[in-house]
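Okay, structure first, notes after.
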Amino acid sequence: MPIRQLTSETINRIAAGEVIERPASVVKELVENAIDAGARDIEVVTAAGGVALIRVTDDGCGIARDELPLAVERHATSKLSEEDLFDIRWLGFRGEALPSIGAIARLSIASRAAGAEDAFEIVVDRGAKQALKPAAIARGTRIEVRELFSATPARLKFLKSERAENMAIADIVRRLAMAHPEIGFALQTGERTALALPRADATPAGLLKRIGRIMGPDFMADALELSAERDGISLIGFAGLPTLHRPDASLQHLFVNGRPVRDRLVLGAVRAAYGDLMVRGRQPLCALFVTLDPRAVDVNVHPAKAEVRFRAPGDVRSLIVGALREALAAAGHRATVSGGRHALDMLARGIAQQAPEGDRQADVPTRSGEDQAIERPRPGTSSSPQAWAPRHSGLPRGFGEAMQAPFETFDVPSARAEPVALEEAADAGLLGRPLGAARAQLHETYIVAQTAEGMVVVDQHAAHERLVYQRLKAMHQAGEVARQGLLIPEVVSLDDDLACLVEEAAGRLSSLGLVVERFGSDAVLVREVPALIARGDVKALVRDIADALATEDAESPLEARLLAVLSSMACHGSVRAGRRLTVEEMNALLRQMEATPGSGQCNHGRPTYVALALADIERLFGRR
Ligand code: ADP
Ligand code: MG
């Protein structure tokens, strides 16, 4: 084929492929334009996941009549100074969005410039620009995009469900809204009002309010405030306590000069700062606002501007890590016990080195978490066969057929006065068991047991939760999860998207003992709950379940995540939580653990107990 100059129509379509990936990209570009135009209120309306219609209305500066035809031309922008390409103070600057959208959809822009007598409208229908005509709007700009991707049907095939596209749209609007508390945002997807965020003050208090609306009350209740500045880079924001975490990074919001970004450097800094305070595989919540000289950051790395490049990445990173660490350290006692962790680490590490190849290694917390790959102990060769280090898949040496011990044995009512001789005989038998004979309970949390080869320390909560988990799983597999009807059905309000997810999962949930139905657009009604949770907090349960449903996690299948939610709830509401246990109850728990496969680790992958070999203890005291 001979070389030809491409038509502008084709060029625009190619550009659209980069800038407009899905309906949410259109929403992003249009809302950014409205923000750049100085709008005080922005309204977004979509239909059919944004494919049929996206309408963004603002009360900003508007576009003058003569400039309307130019606005839809490629590389036409009011935001870039050609003298200084790197002084970028607006969200837009490439002059690509409107022509790209016009190339692949039917775009109409009606606008009235501030102070102008009349309003005008221009239409670009899949690349064909039509003549200006008068419009009837009082002020600002109204942009409508219809039949998105009708000019590039291949793109349509890649779109997800309408709901998924709606969620992506809501996510974009939320992110932009977080950075601009002084602007009111409203989002209507289909019939539903997905977001209604009134204007707040452009002050830290206003920001806090806006963030609270988006991150939710749990986050705000414990959020640690951040404020740091160094070398012309400033950081403000809020970080969640380490005890608050999610399976993914979707609630880590990062803004650079008011622009929401997903930057690997910043995400890595957050991870490093939380380090081993964070449960493995989980992600903290935060909202970080980095402000620096526009020339010190290149936002033009990616057409959609989701990534940025800092001129001094090390400075940005250390500012973030430093501020987060400081805030977390100050909150230490609220979050997690940090005293003595170092010593325990060392101890655990030593023990891990004696565990069989590739087994316990992952259970040992690392000290800084900065560089897990290096810090993680290398498993040595198993030199201490007497140290009974169980594999997490179950118990060694002929323990029990699964679930042979009745679950309820842990519910031994109370200590009975047994003849002393009998107790001693029983005790001698127990010493030979893998988890030994219970000797003490410390801090209403740890059971210390003596074994033939040393001792075992059990985290009773983690163990209990795991037992309930396995029990539920077995019941679920047998199709006999006991449930209990609520006297008064409970209404739980949820985001409409989440309510949808719960409604869709109703069948699966009922096999887990939870009977729900949709209740209006943004709530569900709970009629029955698993009997194990009868006394628990139904609202919290449903919210956690909705979160689990909304989470995409290839590593753990949905059923497992749902079971984990249920068992954690069952233990939380249980009377046993934090209670002093009798020796019988402790022994019952140990026996049950022995009989339950997978009870060596809790639902979050942490160990439920640690075994210390006598030889190791003696070594600790220099006896060996
Ligand atoms: P960019 O935002 O990169 O400049 P766009 O194609 O998104 O490019 O928009 C082109 C121009 O149209 C903008 O520079 C701006 O002058 C004008 N414009 C777009 N949307 C609006 C709006 N909502 N209000 C006022 N002006 C707008
Ligand atoms: Mg723009």
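Things to note:
- Of all residues in region 458-485, those satisfying the criterion of being closer than 20 Å to Val538 by Cα, aliphatic (A, V, I, L, M) and surrounded by 15 or more Cβ atoms within 10 Å (Cβ to Cβ) are Val468, Leu472, Val481.
- Lone unmet requirement of (1) surrounded by 18 or more Cβ atoms within 10 Å (Cβ to Cβ); (2) within 7 Å of ligand 1 (Cβ to nearest atom); (3) hydrophobic (A, V, I, L, M, F, W, C) for Ile42: (2)
- Contacts under 6 angstrom Cβ, first residue in region 509-526 being exposed (fewer than 15 other Cβ atoms within 10 Å of the Cβ), partner modelled with pLDDT of 90 or more, 6 or more apart: Glu517/Leu525
- Lone unmet requirement of (1) within 15 Å of Thr141 (Cα to Cα); (2) among the aromatic types (Phe, Trp, Tyr); (3) within 9 Å of ligand 1 (Cβ to nearest atom) for Trp90: (1)
- Residue within region 70-77 that is within 16 Å of ligand 2 (Cβ to nearest atom), of a type in the set (D, E, K, R) and within 25 Å of Phe255 (Cα to Cα) present: no
- Residue count for region 45-61 satisfying the condition of being within 16 Å of ligand 2 (Cβ to nearest atom), more than 15 Å from Ser108 (Cα to Cα) and either without any contact (Cβ under 8 Å) to a residue 24 or more places away in the chain or not small (Gly, Ala, Ser) (or both): 1.
- If you go through region 287-320 and keep only what is in contact with a helix residue (DSSP H, G or I) (Cβ under 6 Å, 6 or more places away or on another chain) and within 21 Å of Ile211 (Cβ to Cβ), you end up with Ala287, Ile320.
- The number of residues in region 268-300 that are surrounded by fewer than 16 Cβ atoms within 10 Å (Cβ to Cβ) and aliphatic (A, V, I, L, M) comes to 0.
- Within region 163-210, tally of residues that are within 19 Å of Ala34 (Cβ to Cβ), among the charged types (D, E, K, R) and within 22 Å of the chain's Cα centre (by Cα): 4
- Filter result (of a type in the set (A, V, I, L, M, F, W, C) and in contact with a Ser or Thr (Cβ under 9 Å, 6 or more places away or on another chain)) within region 124-147: Val124, Ala135, Ile137, Ile143, Val145
- Any chance Ile122 is within 10 Å of ligand 1 (Cβ to nearest atom), closer than 21 Å to Gly140 by Cβ and touching a Leu at 6+ places or on another chain (Cβ under 7 Å): no
- Apart from one condition, Arg65 fits all of (1) within 11 Å of ligand 1 (Cβ to nearest atom); (2) more than 30 Å from Met167 (Cβ to Cβ); (3) surrounded by 17 or more Cβ atoms within 10 Å (Cβ to Cβ); the exception is (1).
- The test for being more than 24 Å from Ala15 (Cβ to Cβ) and either in contact with an Asp or Glu (Cβ under 9 Å, 6 or more places away or on another chain) or not aliphatic (A, V, I, L, M) (or both) holds for Gly115.
- Taking every residue in region 456-474 that is assigned to a helix (DSSP H, G or I) and pairing it with any residue that is among the charged types (D, E, K, R), at least 6 positions away or on another chain, the pairs with Cβ-Cβ distances below 7 Å are Ala462/Arg606; His464/Arg576.
- Condition check for Arg471: modelled with pLDDT under 85 and over 26 Å from the mean Cα position of the chain (by Cα): yes
- Subset tally (residues that are within 20 Å of Ala287 (Cβ to Cβ), in contact (Cβ under 8 Å) with a residue 40 or more places away in the chain and of a type outside the set (Phe, Trp, Tyr)) for region 170-193: 14
- On inspection, Lys28 qualifies as crowded, with 19+ Cβ neighbours inside 10 Å, of a type in the set (Lys, Arg) and within 11 Å of ligand 2 (Cβ to nearest atom).
- Ala564 vs. criteria crowded, with 20+ Cβ neighbours inside 10 Å and within 22 Å of the chain's Cα centre (by Cα): yes
- Some residue of region 288-304 being under 16 Å from the mean Cα position of the chain (by Cα) and among the aliphatic types (A, V, I, L, M): yes
- In the condition set (1) away from ligand 1 (no atom under 14 Å from the Cβ); (2) without any contact (Cβ under 8 Å) to a residue 60 or more places away in the chain, Ser111 is compliant with all but (1).
- Total residues in region 431-467, condition of a type in the set (Ser, Thr, Tyr) and under 28 Å from Leu532 (Cα atoms): 2
One line per residue, one yes/no per condition, for (1) near ligand 1 (Cβ under 9 Å from one of its atoms); (2) on the phi > 0 side of the Ramachandran plot:
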position: Pro23; (1), (2): no, no
position: Asp36; (1), (2): yes, no
position: Gly50; (1), (2): no, yes
position: Asp59; (1), (2): no, no
position: Ser78; (1), (2): yes, no
position: Ser81; (1), (2): no, no
position: Ala97; (1), (2): yes, no
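The values are calculated or read from the model by the stated rules, or taken from the named source; none is laboratory data. Just so we're clear, the structure is a prediction, and the values are computed from it rather than from any experiment. FYI the Cβ positions are ideal-geometry reconstructions off the backbone, even for glycines, and counts take in every protein chain you see.
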